[in-house]
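Notes follow once the structure below has been shown.
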Protein chains: 2
Amino acid sequence: VRSYAVVGLGAVGGLYGGRLAAAGFPVHFLVRRDAEAIRAGGLHVRSVDGDRTVADVSVTDDPTAIPPVDVVLVATKTTSWESVAPVLGTLAGPGTVVVMLQNGLGVEERAAAAAPGATVLGGLCFVCARLEAPGRIDHVDYGTVNLAEHRADGAPAGVTDAVAAVAEDLTASGSAVVTNPDLVTARWKKLVWNIPYNGLSVVVGAGTDELMADPDARALVEVLMREVQAGASADGRTIDDAFVEQMLVDTERMTPYATSMRLDFDGGRPLEIDAIYRAPLARARAAGIAMPATEALARQLAFLDRRARA
Amino acid sequence: VRSYAVVGLGAVGGLYGGRLAAAGFPVHFLVRRDAEAIRAGGLHVRSVDGDRTVADVSVTDDPTAIPPVDVVLVATKTTSWESVAPVLGTLAGPGTVVVMLQNGLGVEERAAAAAPGATVLGGLCFVCARLEAPGRIDHVDYGTVNLAEHRADGAPAGVTDAVAAVAEDLTASGSAVVTNPDLVTARWKKLVWNIPYNGLSVVVGAGTDELMADPDARALVEVLMREVQAGASADGRTIDDAFVEQMLVDTERMTPYATSMRLDFDGGRPLEIDAIYRAPLARARAAGIAMPATEALARQLAFLDRRARA
């Protein structure tokens, strides 16, 4: 039985880590605050796919109090990376598998730098969930984790033993998993959704349903998706037109969805602009590709984020 | 002494028409509503450049009640064009001078179509003023009118007799006037300001001062200005870099300014997206030039406008 550390007990860490703990895996949560309250009250996952309660939850705010583990799930926001990087150095050593349950591009690169010798995976969460209170997660829709292994040279790693092992555990604990031979393609494909909907949901304050029902908003969503497709292409990854069209159709049929960025904005938290926008923009620019509508959206978000925190 | 009809008694019609009336020109105002209240209460212009009161104001909601005039000032929003076009057919005939005190591109073309045989001028107002109540105008800053004559072939008309005549009257009544030999250049130059600031002031809900103080918002403003510059170039008009840079510097030094589009949005009025965005986008596109950040902004505005009126 593999043991786990989960960095961050928000919606994502609580959902996937909570299921692992409830399934009997040794799971240790690292939080920045509320450790005592969560220990006293337990971890409660209310989920469309079945509720879980972990009464005897192992949770601490001290990374050195966590025993050596096989797998570290990083489930913090990308915006708190500065405080997470040293923690990763403590929790992960050679042989540890680190799974980045984060949004955006480039998150595995920095994890690899922070945990030398570790095997780094990306875990892309397609999930609608939120933290209601410390230790209380509400999972309302979706939930698949797309797993793929990072390679330093950026090439597809294939479905490695580490990917298969983590996929096995997540599946055993009741989470849906897709394994992917190429992390970079998976990340760009997720951006096809995140770049339009996360940003527009904040800038014009609308849900996915409103955006898809309006001809101009929908057209802008598609323009942004096409820019991401071009960015991926510049990065050596092909996303075909059918994928973009399917994403539009799927979102149209989707339950109205409050994006993670909208939840962050409404909650007064910093926005993940670096990971979701600036990193892909920089990657595309380095390859000579402009993403002008994406860049405009990123700058609007940066303005709103800065003003909200001023 | 030339006689005037003024279509629309908002901030612009009230300011320039009110000054003409106060200076002794025969001026007849056409309004859609509040004619009686304005007739009873008079026209009051409070202005940084001196107040004016017209106690005995000629105002009606019936275009056929207005006697033949030499000059028609069109001071309605571009969004109400459908109701203004037939009025123009009534008020203006061959020999009448029609001055379009409106924003955007293409407004003179449609005026020329609505008033066959009339001489059509553009009057670009650089002014910060608002309608406080029927017949009550508050003019807080700026105020120069940039006059130029429209030609059916789009070529520069030079400073024509009609331009000189209207300039003389406006100047005599206390308004600052600049005459311009080329209407199309003047219109594109105004768009260099209007396209970034009008749109962003609505979409991110910020004043010019906030936009200029934020590095991302300011960078986006400049991107949008450069796109307008490229659009003008595609339309055969050169706007040099120094103009764009001066516009940035001037706006930085400006008194914080609520754009006309922001006032419209806050007032629940339709936004001038056709004239300020779609017309220049179409003109540029027809010449093979993309304005992607401008188009993204236009689509965001269209979404917000549609939602606000739903």
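Looking at (1) more than 25 Å from A:GLY154 (Cα to Cα); (2) buried (at least 21 other Cβ atoms within 10 Å of the Cβ); (3) more than 14 Å from chain B (Cβ to nearest Cβ), can you tell me which one A:ALA232 breaks?
(1)
Being within 18 Å of B:THR119 (Cα to Cα), among the small types (Gly, Ala, Ser) and either touching a residue at least 24 places away in the same chain (Cβ under 8 Å) or outside any helix (DSSP H, G or I) (or both) is true for just one of B:ALA164, B:ALA206, B:ALA186. Which residue is that?
B:ALA186
Would you confirm, using the coordinates I've provided, whether B:GLY199 is within 26 Å of B:ASP182 (Cβ to Cβ), within 11 Å of chain A (Cβ to nearest Cβ) and in contact (Cβ under 8 Å) with a residue 40 or more places away in the chain?
Considered against the rule, which asks whether it is within 26 Å of B:ASP182 (Cβ to Cβ), within 11 Å of chain A (Cβ to nearest Cβ) and in contact (Cβ under 8 Å) with a residue 40 or more places away in the chain, B:GLY199 comes out as yes.
Checking B:LYS189 against (1) crowded, with 20+ Cβ neighbours inside 10 Å; (2) touching a Ser or Thr at 6+ places or on another chain (Cβ under 9 Å), only one condition comes out false. Which one?
Tallying (1) crowded, with 20+ Cβ neighbours inside 10 Å; (2) touching a Ser or Thr at 6+ places or on another chain (Cβ under 9 Å), B:LYS189 fails exactly one: (2).
Matching residues to (1) within 23 Å of A:THR208 (Cα to Cα); (2) polar (S, T, N, Q):
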residue: A:THR251; (1), (2): yes, yes
residue: A:PRO256; (1), (2): yes, no
residue: A:SER260; (1), (2): yes, yes
residue: A:LEU263; (1), (2): yes, no
residue: A:GLY267; (1), (2): yes, no
residue: A:LEU271; (1), (2): yes, no
residue: A:ILE276; (1), (2): yes, no
residue: A:ALA282; (1), (2): no, no
residue: A:ALA286; (1), (2): no, no
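Looking only at segment B:203-220, which residues are open to solvent by less than 10 Å² (accessible area, probe 1.4 Å) and more than 9 Å from chain A (Cβ to nearest Cβ)?
Once the filter is applied, which keeps residues that are open to solvent by less than 10 Å² (accessible area, probe 1.4 Å) and more than 9 Å from chain A (Cβ to nearest Cβ), segment B:203-220 yields only B:THR208.
Any idea which of B:ALA115, B:ALA129 is touching a helix residue (DSSP H, G or I) at 6+ places or on another chain (Cβ under 6 Å), at pLDDT below 95 and buried (at least 19 other Cβ atoms within 10 Å of the Cβ)?
B:ALA129
Give the residues of segment A:123-153 that are touching a residue at least 40 places away in the same chain (Cβ under 8 Å) and out of contact with any strand residue (DSSP E or B) (no Cβ under 8 Å at 6 or more places or on another chain), sorted by residue number.
Within segment A:123-153, A:PRO134, A:ALA152 meet the criteria.
Residues to consider are A:ARG285, A:ARG226, A:ARG269, A:ARG278; find the one that is under 30 Å from A:ASP153 (Cβ atoms), more than 12 Å from chain B (Cβ to nearest Cβ), surrounded by fewer than 23 Cβ atoms within 10 Å (Cβ to Cβ) and at pLDDT 95 or above.
Every option except A:ARG285 fails the conditions.
Please enumerate the residues belonging to segment A:167-181 that are in a helix (DSSP H, G or I) and surrounded by fewer than 18 Cβ atoms within 10 Å (Cβ to Cβ).
A:GLU168, A:THR171, A:ALA172
Of these, B:GLY135, B:GLY158, which one is over 12 Å from the mean Cα position of the chain (by Cα), of a type outside the set (A, V, I, L, M) and surrounded by fewer than 17 Cβ atoms within 10 Å (Cβ to Cβ)?
Sole residue among the options that is over 12 Å from the mean Cα position of the chain (by Cα), of a type outside the set (A, V, I, L, M) and surrounded by fewer than 17 Cβ atoms within 10 Å (Cβ to Cβ): B:GLY158.
Is it true that A:ALA258 is of a type in the set (A, V, I, L, M, F, W, C), within 14 Å of chain B (Cβ to nearest Cβ), farther than 27 Å from A:GLY154 by Cα and surrounded by fewer than 18 Cβ atoms within 10 Å (Cβ to Cβ)?
Answer is no for this residue.
Quick check: is even one residue across segment B:179-197 over 19 Å from the mean Cα position of the chain (by Cα) and under 28 Å from B:GLU108 (Cα atoms)?
The answer is no; no qualifying residue exists.
Kindly indicate whether any position in segment A:234-254 is farther than 29 Å from A:ARG130 by Cα, among the polar types (S, T, N, Q) and at pLDDT 95 or above.
Yes, there is a match, as at least one residue in segment A:234-254 is farther than 29 Å from A:ARG130 by Cα, among the polar types (S, T, N, Q) and at pLDDT 95 or above.
If you check A:GLU252 against the conditions, is it open to solvent by 10 Å² or more (accessible area, probe 1.4 Å), of a type outside the set (Val, Ile, Thr), closer than 18 Å to B:PHE303 by Cα and more than 14 Å from chain B (Cβ to nearest Cβ)?
The answer is yes for A:GLU252.
Consider A:ASN180 against the criteria (1) more than 14 Å from every other protein chain (Cβ to nearest Cβ); (2) farther than 29 Å from A:SER80 by Cβ: it satisfies all of them except one. Which criterion is unmet?
Result: A:ASN180 passes all but (2).
What tally of residues in segment A:291-310 results from selecting those that are more than 8 Å from chain B (Cβ to nearest Cβ) and open to solvent by 10 Å² or more (accessible area, probe 1.4 Å)?
The qualifying residues number 4.
Those residues that are within 23 Å of A:VAL140 (Cβ to Cβ) and polar (S, T, N, Q), I need them from segment A:234-262; list them, please.
Within segment A:234-262, A:GLN246, A:THR251, A:THR255, A:THR259, A:SER260 qualify.
Going residue by residue through segment A:2-14, is there one that turns out to be more than 21 Å from the chain's Cα centre (by Cα) and among the hydrophobic types (A, V, I, L, M, F, W, C)?
No, the conditions are met nowhere in segment A:2-14.
Of everything in segment A:138-155, what is over 20 Å from A:VAL192 (Cβ atoms) and open to solvent by less than 20 Å² (accessible area, probe 1.4 Å)? Give them in sequence order.
Listed by number, the list holds a single entry, A:HIS139.
Assuming A:PRO94 fulfils every condition listed in (1) under 19 Å from A:GLU272 (Cα atoms); (2) out of contact with any helix residue (DSSP H, G or I) (no Cβ under 9 Å at 6 or more places or on another chain) apart from one, which condition is it?
Just one mismatch for A:PRO94, condition (1).
The values are calculated or read from the model by the stated rules, or taken from the named source; none is laboratory data. All values reported here derive from a predicted model rather than from experimental measurement. All Cβ positions, even for glycine, are placed from backbone atoms using ideal geometry, and neighbour counts span all protein chains on display. Quick note on the areas: whole protein, heavy atoms, side chains included, nothing else; ligands and nucleic acids left out. Shrake-Rupley method; radii C 1.70, N 1.55, O 1.52, S 1.80 Å.
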